[in-house]
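Below you'll find the structure, written out as structure tokens, and then a few comments.
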Amino acid sequence: MDTEHLITNWNTVSQQVAQACTQAGHADAEKVTLLAVSKTKPAAMVAALAKQGQRDFGENYLQEAIEKIALLKDDEDCAEIVWHYIGSIQRNKTRDIAEYFDWVQTVERDIIAKRLNEQRPLVMAPLNVLIQVNIDAEDSKSGCQPDELSALIGTIKNYERLQLRGLMIIPAKENTDAFMRTQQLFASIKEQHPELSAWDTLSMGMSDDMTDAIAHGSTMVRVGTAIFGARD
Ligand SMILES: *Cc1c(COP(=O)(O)O)cnc(C)c1O
């Protein structure tokens, strides 16, 4: 895909997000963050969008992500990039996540959170964390079970090098009310835990369902294909 096409796609998606915000009654489109999911795509595409003002980028594969982050580190257009790790987390990979990323959206158990907390460098701001919830309670899927969420929040909120920001889901394709149930869960946690001062992020919605997700209170949509084209 050439750069012109990429920027056209990005403009279209940005407009769709803004439109969905208006429809959902948000006062301004700023309330929903567009996360550009750049996995498998070259650093040059990331740089081209950063130059247009795209700030948040999501990556799934650690080695690939670290290479891109290193490559773009000294690029002036990329100075404002906020990197989100959205892939599954192996226990022996937590140090790299803690050292390279600004956000991690896929925390699902305490051992991972504990290691991230210990390994987050002191010179960096606390690592922003979303708990991934298995909202459909599928055996095969990753994410914390909804009934284990309360205990996990109780632990993570005390980790000083982590900043707990909210929830992330990847719903099953056939599940039609996952967005609604997650919206309720997100709100009820906010009510039950007034001490969570930064509980402000609900990450749900991808290329195919971002409008529906925003209608159900999503504050961050993760969009890959609609911006970068199909992946190999
Ligand atoms: C790949 C990926 C996306 C983007 O999916 P698209 O359908 O390409 O928009 C979003 N979230 C996660 C966790 C992903 O792995």
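The values are calculated or read from the model by the stated rules, or taken from the named source; none is laboratory data. The shown structure was predicted, so the numbers you read here are calculated from the model rather than taken from an experiment. So basically every Cβ, Gly included, is an ideal-geometry build from the backbone, and we count neighbours across all protein chains shown. Note: areas computed on protein heavy atoms with side chains; ligands, DNA, RNA excluded. Shrake-Rupley method; radii C 1.70, N 1.55, O 1.52, S 1.80 Å.
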Quick check on GLU80: is it under 18 Å from the mean Cα position of the chain (by Cα), of a type in the set (Asp, Glu) and away from the ligand (no atom under 13 Å from the Cβ)?
yes
Looking only at the range 9-56, which residues are within 14 Å of the ligand (Cβ to nearest atom) and more than 15 Å from SER207 (Cβ to Cβ)?
THR33, MET45, ASP56
Take residues that are in contact (Cβ under 8 Å) with a residue 12 or more places away in the chain, within 16 Å of the ligand (Cβ to nearest atom) and over 30 Å from PRO42 (Cβ atoms) and tell me which of the helices (runs of 4 or more DSSP H) falling wholly in the range 145-232 contain 3 or more.
178-192
Collect the residues in the range 109-130 that are touching an Asp or Glu at 6+ places or on another chain (Cβ under 9 Å) and within 21 Å of LYS39 (Cβ to Cβ), keeping them in residue-number order.
LEU127, ASN128
Residues that are outside any loop (DSSP other than H, G, I, E, B), away from the ligand (no atom under 16 Å from the Cβ) and farther than 24 Å from THR211 by Cβ: does the range 133-144 have at least one?
no
Can you pull out the residues in the range 86-104 that are open to solvent by 20 Å² or more (accessible area, probe 1.4 Å), part of a helix (DSSP H, G or I) and either under 16 Å from LEU164 (Cα atoms) or free of Cβ contacts under 8 Å to residues at least 12 places away in the same chain (or both)?
ASN92
May I ask you to verify whether LYS68 is of a type in the set (Lys, Arg) and open to solvent by 70 Å² or more (accessible area, probe 1.4 Å)?
no
